[in-house]
Amino acid sequence: MVNNLTAKLDNVVHTALVKCGYTGAQSETLVVGVSGGPDSTALLYSLYRLKDQHNIELHVAHLNHDFRGVEADIDAAFVAEMASKLALPYTIEKKDPIAYQQERGISSFEQGARELRYAFLANVADKIDARFVAVAHTSDDLAETVLLHILRGTGLHGLTGMAYSAPWPWPINIHKTRLLRPLLEVTKEETVAYCESLGQDFRTDSGNSLLRFTRNKIRNELMPELSRKYNPQIRDSLIRLSHISTIELDFLNEETDKIWGKALISPDSNNHGSVTLDRAIFSAQHPALQRLMVRRAYVLATGDSRRLRESHIAAMCESANGATTGLTIQLPGDWLFLVNYNHIMLAKEKTDDYPYPTFSGSHSINVPNDRELERITLIPGWEISVEIPSNTTINDIKAADPLTAYLDIKSINTNLHVRTRNPQDIFQPLGMEMAKKLQDFYTDSKIPAMWRSKIPLLISDKGIMWIVGHRISELGRVNDPDQSYLIKFKPRDK
């Protein structure tokens with residue numbers, strides 16, 4: 001039984017090595033990420049048993065996260081001793097994930113530790129010119145990853161979970177080194193049994209029992225609960241879902257390839273990596289292909305899809321298929337999705353792309369008393385005119401441009417001023433029965449975050465009457481066109 005198990009694990013690792021080109025035709029170096037736990041220890045020993053057959057030199061890499069104090073130091077010493085016993089070179093470093101998390105402004109400790117670990121492994125691989133870094137993710141890790149993605153509301157990409165060979169996850173500019181996961185068909189129970197069959201000790205990470213980490217909750221609470229009460233084969237079901245999703249995603253990617261060359265207009269590396277697609281070709285595709293197209297455009301522009309969520313993909317597709325042009329959607333990392341008449345584009349948000357003048361402070365607006373007068377107010381960047389026009393029609397009101405507004409005389413008093421937003425501002429859009437937070441209106445209207453503190457707001461004693469360039473308030477609705485103020489904002493320096 002033990003011999004069969006040992007042979008099975010070695011055969012799985014052998015197959016993965018062959019798939020990645022380690023056929024033995026030439027000597028190569030492979031970095032092995034080793035924590036000292038049963039999974040990575042089994043992986044290291046299996047690779048050691050196969051290294052002559054595949055003509056590979058192994059280099060052990062271990063990162064001490066400096067999170068568990070003495071225990072972490074003992075883990076590092078254990079890995080060093082194991083590598084020395086096998087006469088293998090090794091690199092061991094110590095990093096502080098909490099300091100890194102604070103420096104990078106990352107909310108998740110798990111993400112910070114993961115980035116530190118992969119940056120360390122990439123550096124080791126670069127120094128010794130290794131094509132792959134082998135890590136010890138098992139079928140249990142695969143199932144947990146799929147379940148974690150489901151809980152977060154994933155799409156097809158998230159359901160694929162992990163691949164045995166994958167692009168380097170972090171930093172995103174690493175292209176010559178790939179990630180190798182030889183143990184994705186092996187369970188954690190089998191890695192423990194493999195180590196025991198060889199008489200090899202391993203370390204147990206106490207951090208794996210800390211329930212403040214989401215993955216640990218899934219591993220130690222949710223998966224056992226699902227297995228006990230709902231499906232004893234839940235792990236196998238999630239792995240099967242991963243394999244099915246991978247097959248279907250491969251097909252959809254092939255279909256996307258067929259139309260990508262026609263839809264892609266300009267990946268412009270000189271414009272912050274912007275990517276432009278033909279809107280008509282995009283809109284003619286099946287929704288499943290549209291989702292892959294905007295995701296591919298985002299990856300092409302940014303180099304990474306880690307921060308892209310299902311909500312972003314849905315918003316991009318919805319806006320591109322809508323009848324409105326000029327929409328802007330805010331994406332992670334200060335990226336924008338822009339919808340024009342003929343094109344859709346992903347571009348880096350610029351700090352100076354706000355199309356109108358900016359100002360600060362609050363400024364009173366001069367308001368006329370009769371129809372014979374037009375009052376002009378000058379503020380930094382703007383000329384603001386207010387008049388009471390004659391013979392105004394409903395068509396005049398509907399045809400007003402974004403910097404022109406008609407507001408009801410009776411509902412708006414003469415105490416007008418203009419300013420930018422305050423944190424407590426609320427706004428009742430024209431046609432809406434209830435007011436909402438101004439911030440919510442900006443978000444719902446997909447107004448770029450960088451613009452929101454620059455937009456002029458016309459204020460009366462009743463509240464916000466007009467978000468200049470965007471929307472009039474229900475408070476200023478014109479009931480009698482002949483009893484209205486005509487207010488115009490004219491840029492003076494743009």
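The values are calculated or read from the model by the stated rules, or taken from the named source; none is laboratory data. Since we're looking at a predicted model, the values are computed, not measured. As a convention, Cβ positions derive from the backbone with ideal geometry for all residues, glycine included, and neighbour counts pool all protein chains shown. Keep in mind that these areas ignore ligands, DNA and RNA; they rest on the heavy atoms of the full protein, side chains included. Shrake-Rupley method; radii C 1.70, N 1.55, O 1.52, S 1.80 Å.
One table, with the values for the structure above:
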item	result
Amide H contacts of residue 327 (H built 1.01 Å from N, under 5 Å, at least 5 apart or other chain)	339
Straight-distance crosslink candidates among aspartates and glutamates, where the alpha carbon sits under 13 Å from residue 488 and sequence neighbours closer than 8 are dropped	374, 383, 387, 401
Helical mean residue ellipticity (222 nm; -39500 (n - 2.57) per DSSP H run of 4+; nearest 500) of the chain	-12000 deg cm²/dmol
Centre separation in Å (Cα based) which lies between segment 111-132 and segment 296-343	31
Hits among aspartates and glutamates - C-alpha to C-alpha of residue 446 under 14 Å, sequence gap 8 or more where chains match	318, 334, 349
Relative contact order (%) - criterion: Cα under 8 Å, at least six apart; region: the chain	11
Sites matching GluC sites (Glu not before Pro) across segment 319-397 that sit in DSSP coil, with at most 16 neighbouring C-beta atoms within 10 Å	372
Kyte-Doolittle mean at least -0.5, axial Cα span of 27 Å or more - DSSP H helices of the chain	109-128, 234-263
Segment 474-489 - phi-based ³J(HN,Hα) in whole Hz, Karplus 6.51/-1.76/1.60, Gly and Pro as x	4, 5, x, 4, 7, 9, 10, x, 7, 10, 9, 8, 9, 10, 10, 9
Added length on full extension, which subtracts the Cα-Cα distance from 0.36 nm per residue, residue 286 to residue 126	53.4 nm
Heavy-atom accessible area per residue - segment 327-434, 1.4 Å, Å²	54
Contact order relative to length of segment 204-346, as percent, for alpha carbon pairs under 8 angstrom and 6 or more apart	17
Label-to-label distance, nm, for residues given as residue 265 and residue 8 (7 Å Cα→Cβ offset)	5.6
Burial order of peptide ranges 434-444, 130-140, 152-162 (average beta-carbon count within 10 Å, highest first)	130-140, 152-162, 434-444
Two-site label geometry, residue 323 and residue 403: point separation in nm, points 7 Å out along Cα→Cβ	2.8
Inter-probe distance in nm under a simple model that places probes 7 Å from Cα toward Cβ, at residue 310 and residue 237	1.8
Theoretical gain in end-to-end length, residue 375 to residue 165 [0.36 nm per residue, Cα-Cα removed]	68.6 nm
Length gained when the stretch residue 449-residue 96 is fully extended (0.36 nm per residue, less Cα-Cα span)	123.8 nm
Set of aspartates and glutamates with alpha-carbon distance to residue 217 below 20 Å, sequence-local pairs under 8 removed	39, 110, 140, 141, 144, 189, 205, 225, 236
Heavy-atom accessible area order for 432, 345, largest first, 1.4 Å probe	432, 345
Hypothetical label at residue 110: residues of segment 203-240 whose amide nitrogen lies under 17 Å (7 Å Cα-Cβ projection)	205-226
Given 19/262; 398/462; 176/348; 398/490, the pairs whose alpha carbons are separated by over 29 Å	19/262
Interchain or long-range residues, amide H under 5 Å from residue 409's placed H	484, 485
Net dipole in debye of the chain [+1 Lys, Arg Cβ; -1 Asp, Glu Cβ; about Cα centre; nearest 20]	280
Packing rank of 467-474, 249-256, where each peptide gets the mean count of other beta carbons within 10 Å, highest leading	467-474, 249-256
Largest to smallest accessible area among 490, 127, 410, 454 [probe 1.4 Å]	410, 127, 490, 454
